[in-house]
Amino acid sequence: MASRGTSYLLFGLFVIFCTWGVWADMEVSMEDRVEVFRGDTAQINCMFPSTEGNGSTMIQWFYVTRTGEKQRIYFQDSTGKVVDKATPFTERISVNGTGADKQVVLTIRDVQLADELEFICVIGLTNGPAEGRTKLKVFKTPDPPTIEVVQTGISVNEDGPSRVGSCEVRNGFPKPNITWYRNNTPLRGIPGVVEVVPSSTSESSRLISVKSELNLKVMKEDKDDMFYCEVTYFVPAGTRMTETDKVQITVYYPPTDVQVWVESPKGAIKEGDTIELHCRDNGNPPSSVISFKHVDSDVSVEANVFLLENVTRLNSGVYECTSYDTETFDPTSGETSVFVNFLDSAVVLPKDSVLVAQGGALEATCNAMSTLKTETAWFKNGKEISKGHILTVKDASFEEAGTYTCVVTVPEIEGMETSENLLINVQSPPKILSPDNTDIEESYDAAVELSCHVRGFPTPNVTWTTSDGKVLETASETLTEDGIKSMVIIMVTSDIIAFCNASNDQGIDALAFNIKATVNITSAPATTTTTTTTTTTTTLTPSTISSTKVVPAIPPEKIKKENSGVIIAVIIICILLLAILGSVLYFLYKKGKLCGRSGKQDLTKEKSSRDNIVVEMKSDNTEEAVLLGVNGEKQPSSNQ
């Protein structure tokens, strides 16, 4: 049995060695695969080198159907070339080469996805057929990929992974691949955290669409993450990659911090301002349940804006804002401090008013409490006269009298200031301020308004008089800061001198107004009126001379302004001179020295009109003229 087995083995080896050379001579060489884009042209090479001489060569091309059967599409021998009818390739193939150069090429035009098959090249030689096989691979670049994410937002409070979005790439071949990325890092499946669910769809055209859905257990940190998809697809001799747009997802998370700030005013706050406080938490979405309160008081509001109007120093303190999670109602708080600067009212010492004697001195102080640095200045009549909180007055005169205003300001905050007044009165006699004009011309029967401004302290008493001693009624009096202002109204009926007389316990002063009555020519009548003057003669006796008052018949000439005291003295002196003159005349008359008469004249002798002393007096009226004798007796009219 052993020898027989050995004999069979030796026989088999002999047969193999005898046929080895034949197989080697009939080897057909083809590529394993040929790759081409859909619609392009594919060329499949078939090479069959042989050691035999030139002989009859038969060439056939087959493809393997999807059921595994061989289907011929081409036949060639020494008699001719034939493309088989009624095959998918009948109208689209051609074969180049006769086999003489040991190579033929099958060309397939307009390659379709259905052409992705296995092709067989069969070479039939005199010593038997040989074949080679090549797989045709067809590729289609997919459409640009798209990405969609959920628009409603994802809460971090969800128990498991939530749908984030999906990526899709359509119409590719072979099947493309999709990979999810978060911030340039690929996402791999993690149970309970990351879930990637792929799916694919094959169209009737054999094109493939791929879709990938991402489910994620989101965290607050994911709110800023960028998500996108990478699509990898195959092409002849390699692969290519494309990416979707980068997108963000909306993540809902509870607040972990609350920010509180003063929206207005910007900078330092002062009493009287309106403060606007704002509050915002870092939750998404921000909580709609927010409480604002002043820690040091019971003041609170249910809003994220706290408005405080006309604040005072009592509004200083800590303001707390509390935000509540809308799902769990867990509170989160934040706070800020508010400080209201204040400037108290200025305090001036001495207060209100002070009396200073002429030549005396005064020192006044002005202070105001404030939370910030202050500056102090003193003003009089709107002009700054001193800096600092101390005001010093030396050798006081009436010029120093008046109202002084102390102004305290806070340079750091515009508009923050306070002020207080101090009235300084300086004891002084009246001083009448001279008007622009004291010589006045006015028409008869016109009204003249005279004003007299008097300075002095104590406030002077003002009266109005005329040159004939008449006291005028004051029309109005107004107290001023430095004295008094008085006014009268005078009807002009003749030339007149009006006096403004001022006095206080420190002295007196007076001012004269000279008013000249004029005739308004433009208002005179067109006809000429003749005035008849009646002359009355009166005889003066020594007893009547001193009491006689001469009244001018025409308006007096304008009198120059003089001191009222001097005018009164002149009037008194004139009256005394008239009295002395009357006494002298009477003495001469008694001695007979007057008019050549003797002192021993017979008193019973008829009195002659030539011996009488006669004074002629004119009268504008029609009264009877009366002659008075030296004894004061009434004379008959025949003696005239």
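Under the 0.36 nm per residue contour assumption, what length would be gained going from the current alpha-carbon distance of Lys380 and Glu412 to full extension?
Taking 0.36 nm per residue and subtracting the Cα distance, the gain is 9.0 nm.
Could you calculate the FRET efficiency of Thr463 with Val299 from 1/(1 + (r/R0)^6), where r is the beta carbon distance between them and R0 is 60 Å, rounded to 0.05?
Plugging the Cβ-Cβ distance into 1/(1 + (r/R0)^6) gives 0.40.
Checking the a/c ratio against 1.5 first, then a/b against b/c, what shape does the Cα gyration tensor give for the stretch 321-424?
It is prolate, given that a/c is not under 1.5 and a/b is the larger ratio.
Where the only charges are on Cβ atoms (+1 Lys, Arg; -1 Asp, Glu), what is the dipole of the stretch 179-278 about its Cα centre, to the nearest 20 debye?
My answer is approximately 540 debye.
Net charge within 15 Å of Arg72 by Cβ-Cβ distance, Lys/Arg positive one each and Asp/Glu negative one each, not counting Arg72 itself?
Combined, the nearby Lys, Arg, Asp and Glu give -1.
Past 25 Å, Cα to Cα: identify those pairs from Lys266/Lys293; Lys470/Lys516; Lys394/Lys431; Lys270/Lys383; Lys266/Lys383; Lys135/Lys175, in the order given.
Lys270/Lys383; Lys266/Lys383
Given the Cα-Cα distance of Leu581 and Asp77 and 0.36 nm per residue of separation, how much length would full extension add, in nm?
That pair, Leu581 and Asp77, stretches by 162.6 nm at full extension.
Mind checking the dipole of the stretch 437-510: about its Cα centre, +1 per Lys or Arg Cβ, -1 per Asp or Glu Cβ, Debye to the nearest 20?
The calculation lands at about 220 debye.
For the stretch 145-179 and the stretch 243-306, what is the separation of their C-alpha centers, rounded to whole Å?
Each part's Cα centre sits 35 Å from the other's.
Projected onto the charge dipole of the stretch 185-291 (+1 at Lys/Arg Cβ, -1 at Asp/Glu Cβ, origin at the Cα centre), which of Ala237, Phe227, Gly192 gives the Cα projection farthest towards the positive end?
Towards the positive end, the residue furthest out is Ala237.
Take the Cβ-Cβ distance between Asp224 and Ser200 as r, set R0 to 25 Å, and report the resulting FRET efficiency rounded to the nearest 0.05.
0.20
Between the alpha-carbon centers of the stretch 77-121 and the stretch 473-510, tell me the distance in whole angstrom.
For the stretch 77-121 versus the stretch 473-510, the Cα centre distance is 140 Å.
Find which of Val407, Pro435, Ile424 sits farthest along the positive direction of the dipole of the stretch 398-442, computed with +1 on the beta-carbon of Lys and Arg, -1 on that of Asp and Glu, about the Cα centre.
Ile424
In the stretch 300-454, with Lys and Arg counted as +1 and Asp and Glu as -1 at Cβ, which of these residues, Ser323, Ala446, Asn304, has the Cα nearest the positive end of the dipole, that is, farthest along it?
Of the options given, the answer is Ala446.
We did not get these values from a lab; they are worked out from the coordinates using the rules stated. None of these values were measured; they are calculated from a predicted model. As a convention, Cβ positions derive from the backbone with ideal geometry for all residues, glycine included, and neighbour counts pool all protein chains shown.
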